[in-house]
1. With a cut-off of 8 Å between alpha carbons and a minimum separation of six or more residues, what is the relative contact order of chain A in percent?
2. Have a look at region A:32-55 and report residues whose accessible surface goes down by 50 Å² or more when the remaining protein chains are included, against the chain on its own, probe 1.4 Å, ligands and DNA/RNA excluded.
3. Averaged over every viewing direction, what's the projected area of the C-alpha convex hull for chain B? Give it in nm², one decimal, please.
4. To check you understand DSSP bridge types, tell me what percent of the beta bridges within the protein assembly as shown (both residues inside) are antiparallel, rounded to 5.
5. Can you pull the percent of chain A's accessible area that's carbon plus sulfur, 1.4 Å probe, other chains left in place?
6. Ignoring everything but the protein chains, give the 1.4 Å probe accessible area of B:V30 in square angstrom, nearest 10.
7. Can you give me the accessible area per residue for chain A, using a 1.4 Å probe, in Å²?
8. Accessible area lost on pairing B with A, both sides, 1.4 Å probe, Å² to nearest 100?
Amino acid sequence: MALTEDADTLNVYLKDFAKSCQIGGGTAFLGTLSTPAEIIGGGLGISIEYLLKVKTSDVTSAVRGTSITVDSVNYTVRENKVEDDGAFSTLLLSKV
Amino acid sequence: MADTRRELILARMKTNLDAITNATVYRSRVEPLARGEAPAIIIEPIDDNPTDTNFFDKLDWSMRVRISTIVRAAIPDDDSDTYTQQVHLRLMADQTVNSYALDLTPDRTDFSLVEADVPLGIISQDFIVRYRTSRSDLTAA
C-alpha cells in the first residue's frame, strides 16, 4: 500500500511534542519549539534561537516581521527556512 | 602592594564611565551578556607599550583601552549612539585621568552588528592613554 503524505500524516510527526501556533487570526496549527542558546558576537552576547518546526503548508505567509503566537506567547519571524523535501519548515523566531 | 599607574588609570576610567545613565558598566567582563543585560559598557585594556624617555629613570607608556558598548535593538548602531557619545564625553572630561596620565586621546571606533533573537551591536571605542612611570617601579610616576 502506498504511503500518502498529507496533512494528517505529517501531523503525526508533530502531535506528541507540538504546541498550538497561530499567525494573526488564521487557523491554529502545530509546531515544535526548541530554544537553544548560542554564544554570539565573539563571546560577548547570548542569543536564544527560537526554532519552530512546522508543516510548510501552515506557514507560507510567514516572512521576516510576521507576528506569530506559540502556546499563547508572542513572537516575530526572523527567517522561514524550508527543510529537506519541503514538507516541513523551520521558523527562526524572536520573542517579543 | 600599591596599585600600578596602569591599574589606577583603568579604575579611574571605570569610575568616570559609571556616571553614564541607563547602562551597566563592567570592568573586563569576559562572560557573554544575555539579552536582558544590555545595554552594557565594558572597559578593558588591550595593550600597553613602554618607550624610553629623555630621563634615564623614566618610562613613557602608551596604553590602548577599549570601551565596548553592547546593545540589543533593531538598529543597534542607532541605539548605541546615546551611549557612545556619553563614553566620549565622560572620558574626555578627565583627559589626565585624575592626574595619573599625561593625556588621553580617542582612537578608532569599530562597529560589529550581529544577527540574534534581537540584533546585537558591539561598538568599540579605543582610547590611547599616555602615562609615565619610574623605570624600576610601576607604582611610581
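The values are calculated or read from the model by the stated rules, or taken from the named source; none is laboratory data. Keep in mind the model is a prediction, meaning the values are calculated, not measured. Ideal geometry is used to build each Cβ from the backbone, glycine not excepted, and the neighbour counts take in all protein chains shown. For accessibility, only protein heavy atoms count, side chains too; no ligands or nucleic acids. Shrake-Rupley method; radii C 1.70, N 1.55, O 1.52, S 1.80 Å.
1. On the way: 179 pairs, mean separation 22.6, N = 96.
RCO, chain A: 24 percent.
2. So the qualifying set is A:I40, A:L44, A:I46.
3. Values: hull surface 35.4 nm².
Spelled out: convex hull of the Cα atoms, projected over all directions, averaged, 8.8 nm².
4. Details: 68 of 73 bridges.
Roughly 95 percent of the beta bridges in the protein assembly as shown run antiparallel, per DSSP.
5. Details: 2870 of 5570 Å².
Of the solvent-accessible surface of chain A, carbon and sulfur hold 51 percent.
6. Approximately 120 Å² of B:V30 is accessible to the 1.4 Å probe.
7. Working: 5570 Å² over 96 residues.
On a per-residue basis, 58 Å².
8. When B and A are taken together, about 1100 Å² of accessible area is lost.
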